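To keep things clear, I will list the structure first and then write my remarks on it.
Where a number appears in this text, it was derived from the coordinates with a stated rule and is not lab data. From a predicted model like this one, the values you see are computed outputs, not experimental measurements. Every residue, glycine among them, receives a Cβ derived from its backbone with ideal geometry; neighbour counts consider all protein chains shown.
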Amino acid sequence: MTRVLLLGPAREAAGVAQDEFDGDTVGEILHSAVDRYGADFERVLAVSQIWVNGNPAELTDLVGPYDEIAVLPPISGG
Amino acid sequence: MTRVLLLGPAREAAGVAQDEFDGDTVGEILHSAVDRYGADFERVLAVSQIWVNGNPAELTDLVGPYDEIAVLPPISGG
Amino acid sequence: MNLAPNLDWVFVSSSPLSADELCKWATRPNCGAVVTFCGTVRNTSTTGHDITSLEYETDVALAEARLAEVVGEARSRWGEIGAVAVHHRIGTVELGEITVVVAVSSPHRQDAFEAAKYLIDTVKNCVPMWKREVWEGGSAWSEEAHDIVSVRKR
Amino acid sequence: MNLAPNLDWVFVSSSPLSADELCKWATRPNCGAVVTFCGTVRNTSTTGHDITSLEYETDVALAEARLAEVVGEARSRWGEIGAVAVHHRIGTVELGEITVVVAVSSPHRQDAFEAAKYLIDTVKNCVPMWKREVWEGGSAWSEEAHDIVSVRKR
């Protein structure tokens, strides 16, 4: 299982701040996440950045059980 | 009598922070001040700005009993 | 608050922030200048309502790692700066309270001003942080949102 | 400390200065940015000694009048800034303590940074203030002295 962090509007759309998924790539895991959370989450995901272990990642990147995927919608800090 | 403020190194050279002098112009009063305080003060005065009531003044400016002359050596604030 | 480190201090917390605390911490024997920037909750809003508070959320570990990267980049640009702190509040922050505070000390004030300006600009562009605007009877995500920028791209 | 005025607050006093006090005072409902600058006593010196404290002297009325003129000039240059405070300490100020603090609030941080930088630069050039450096066993006037500059000439 790979941990997924869901931040800000992604957390709101998913209904949870973190979750766990099976899958070999970032893309597979996010696909499972859309299945689990539905259309609202899919819309947020479409405008979000994806990081793995704190760094920007591609959908084709491989992940394992010690990796952490983060879904980061557009920010508004400060 | 016109009040004279002596600031920083001018205060140190004169030995007092303020004093009073008779005289009709800024120049006359500062001349009397040199007579009263001596050569150390004269050296400080030579590099100082002179203000009357908070504004830069000329030696020929007339002053009266409600005016305040300030002797301001080079500054080093903040 | 946790034990303050020596030169770099990034911190994300739901506790109230203090400019004095960071100013005192940043003051060093060889640094005559300390510039602080405080972002505070104001009543004007991106959504047209009278704001009563803001709610910030993030993942603390991700945000602190990014803050540390921003501070490192500031050090590479201004080699003479002394202590650098960036603290960001999360959770509910009331009108007038501090949401983010930056403090930079330096032997010379020009560097401290420039680095502080760079730090707050870069924090706002590069650090993961989400803001909800709260008003009497409602709340919504801030509409001024933008993509996260990588620190080196600025 | 005396009663704080509404928008401009200049103050010369022998009491300790606080960045927090000015930051809080400067915070306004419509101003999301507060920049403060603190000048602190550092150990390096113009006279080559290890500084233990500084002694500032001035005429308080003359200095406060000049500070008010500097603040007025800042307002004429940055019309949107909110509250502006400049406090300067006189008397003995120990190593690490604050000698001067500037605080500026503004709806936008760019103005607050620029105005704060202008204010401290102009205060150092234009306000009558004399500094003695004090070390173990002696003291002397600072050797970085320069003529007072008129506010409008900057």
remark   = Computed about the Cα centre, the charge dipole of the range D:1-98 from +1 Lys/Arg and -1 Asp/Glu charges at the Cβ has a magnitude in debye, to the nearest 20, of 360 debye
inquiry  = Which one, C:T40, C:W9, C:P107, projects farthest toward the positive side of the charge dipole computed for the range C:8-139 from Cβ point charges (K/R +1, D/E -1)?
reply    = C:P107
note = For the range B:2-72, the charge dipole (Cβ of Lys, Arg +1; Cβ of Asp, Glu -1; about the Cα centre) points to a positive end, and the Cα of B:G38, B:I50, B:A10 closest to that extreme belongs to B:A10
ask   = In which sequence would C:D50, D:D121, C:D8 go, from the one with the fewest C-beta neighbours within 10 Å to the one with the most?
value = C:D50, C:D8, D:D121
message = If each label sits 7 angstrom from Cα along the C-beta direction, how far apart, in nm, is D:A61 from its counterparts in the other copies?
response = 6.5
key: Local net charge near D:A19, Cβ-Cβ under 13 Å (Lys/Arg +1, Asp/Glu -1)   = -2
query = Considering the rotational relationship between chains C and D, which residue of chain C contributes the beta-carbon of minimal distance to the axis, and what is that distance to the nearest Å?
reply = C:D20, 2
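Can you tell me what share of the DSSP beta bridges in the protein assembly as shown is antiparallel? A percent to the nearest 5 is fine.
About 80 percent, rounded to the nearest 5.
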ask   = Given label points at 7 Å from Cα along Cα→Cβ, what nm distances, shortest first, separate A:V47 from the same residue in every other copy?
value = 6.4
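Only four residue types carry charge here, +1 at the Cβ of Lys and Arg and -1 at the Cβ of Asp and Glu. Report the dipole size of the protein assembly as shown about the Cα centre in Debye, rounded to the nearest 20.
Dipole size: approximately 360 debye.
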query = Measuring from a point 7 Å out along Cα→Cβ, what nm distances, shortest first, does D:G138 have to its partners in the other copies?
reply = 7.2
Virtual spin-label span in nm between D:S139 and B:A39, 7 Å along Cα→Cβ = 2.7 nm
message = Percent of Cα-Cα pairs more than 41 Å apart in the protein assembly as shown, please.
response = 32 percent
message = Under 18 Å from a point placed 7 Å out from the Cα of C:R152 along the Cα-to-Cβ direction: which residues of the range C:48-74 have their backbone N that close?
response = C:65-74
